[in-house]
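All of the numbers you see were taken from the coordinates with simple rules; none came from a lab. Quick caveat: nothing in here was measured; it's all calculated off a predicted structure. Cβ atoms come from the backbone with ideal geometry, glycine included; neighbour counts cover every protein chain shown.
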Amino acid sequence: MKPLTGVFPIAPTPFTASGALDLEGKRRVLDCMIDQGVDGICILANYSEQFLLTDEERTTLLDLCMSHIAGRVPVIATTSHYSTRIACERGRAAAKAGAAMLMVMPPYHGATLRADEKGVLEHFAQIAEASGLPIMVQDAPLSGVNLSMPFLVRLAREVPLVSYFKIEIPGTAGKLRSLIESGGAAIVGPFDGEESITLMADLDAGATGTMPSALLPDLIKPVFVHYRAGRRKEAADAYARILPLINFENRQCGLRATKTVMMEGGVIKSDAVRHPLEALHPATKAGLLELAREVNPLALRWGR
């Protein structure tokens, strides 16, 4: 498979005002994202509210996403679970459905259940064997698992399908740089995440992909394209223009930002989130939309 590079945003999961899955809205989300010019789509991730979905809903969404995207762009399916057995089952299902790659967090549950390095390595090795797909390790604070750079290099070398790494921790650029330098050819896809909030520094460190939300990938992609073409100043200028919105999303809104902008832009009918998540405060929503209107992402106008 040709290495996956570029902008791979996370697809949100729209709900009706009563909290049910909005499947037609999901199809519209996917069409909007493809029109945003994305290089691929990640599904069932944390920004998809995967932790608020039943197993049956996960299956429904996996099937819907794969059938509706229908090969237009590659799909990365998130299959994280503390149980290695369940993570393997999810990986097999994603492979059967046609996913190009899995994204997996290290096993964790609650505040204290963690695997040691031996357990983490075995977890990823078994998922790789079960699915046969390339795996992206999600290195994020949410898991509470310390994935050291030497361990990630060891993981990549001992489990060759584990060749992509989404780093979204404090000091992402430094970790990416060290990972690339130490891992060499074993590190096929060094990505950043966290709404692309440190994208320029991460590109300087050698990132070949980014995984933002679906709020403004159409405006993030020019940054990536300029940079990869050697036009760093143009990339920095384009990034500076959108950074206030990215910062507001990251620090004030989280996953709710994309839904709010997509509702305003007629992509979905409701920006509802499931309890215990709460809706954005009206003042926060107003601030978000004010910044969005200044840069006019496609999500703000796609359905109007």
Self-check item: Filtered residue count, region 58-112, keeping only those that are crowded, with 21+ Cβ neighbours inside 10 Å and among the hydroxyl-bearing types (Ser, Thr, Tyr)
Solution: 3
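Here's the yes/no breakdown for (1) within 24 Å of Ser48 (Cα to Cα); (2) out of contact with any Leu (no Cβ under 8 Å at 6 or more places or on another chain); (3) among the small types (Gly, Ala, Ser):
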| position | (1), (2), (3) |
| --- | --- |
| Thr208 | yes, yes, no |
| Met211 | yes, yes, no |
| Ala214 | yes, yes, yes |
| Asp218 | yes, no, no |
| Ile242 | yes, no, no |
| Asn250 | yes, yes, no |
| Met263 | yes, yes, no |
| Ala272 | yes, yes, yes |
| Ala279 | yes, yes, yes |
Quiz item: Any residue at all in region 105-117 that is touching a residue at least 24 places away in the same chain (Cβ under 8 Å), assigned to a helix (DSSP H, G or I), in contact with a Phe, Trp or Tyr (Cβ under 6 Å, 6 or more places away or on another chain) and closer than 26 Å to Gly174 by Cα?
Solution: yes
Exercise. Scan region 282-294 for residues that are surrounded by 15 or more Cβ atoms within 10 Å (Cβ to Cβ) and farther than 14 Å from Gln252 by Cα and jot them down.
Key: none
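Residue by residue, here is whether (1) farther than 30 Å from Val267 by Cβ; (2) aliphatic (A, V, I, L, M); (3) touching a helix residue (DSSP H, G or I) at 6+ places or on another chain (Cβ under 8 Å); (4) surrounded by 21 or more Cβ atoms within 10 Å (Cβ to Cβ) holds:
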site: Pro160; (1), (2), (3), (4): yes, no, yes, no
site: Ile180; (1), (2), (3), (4): yes, yes, yes, no
site: Gly183; (1), (2), (3), (4): yes, no, yes, yes
site: Ala186; (1), (2), (3), (4): yes, yes, yes, no
site: Glu194; (1), (2), (3), (4): no, no, yes, yes
site: Ala207; (1), (2), (3), (4): no, yes, yes, yes
site: Ala214; (1), (2), (3), (4): no, yes, yes, yes
site: Phe224; (1), (2), (3), (4): no, no, yes, yes
Quiz item: Applying the selection to region 74-98, what residues are hydrophobic (A, V, I, L, M, F, W, C) and in contact (Cβ under 8 Å) with a residue 40 or more places away in the chain?
Solution: Ile76, Ala87, Cys88
Exercise. Tell me which residues, restricted to region 226-248, are under 16 Å from Glu194 (Cβ atoms) and of a type in the set (Lys, Arg).
Key: none
Exercise. For region 56-73, state whether one or more residues are closer than 28 Å to Asp218 by Cα, out of contact with any Leu (no Cβ under 8 Å at 6 or more places or on another chain) and among the charged types (D, E, K, R).
Key: yes
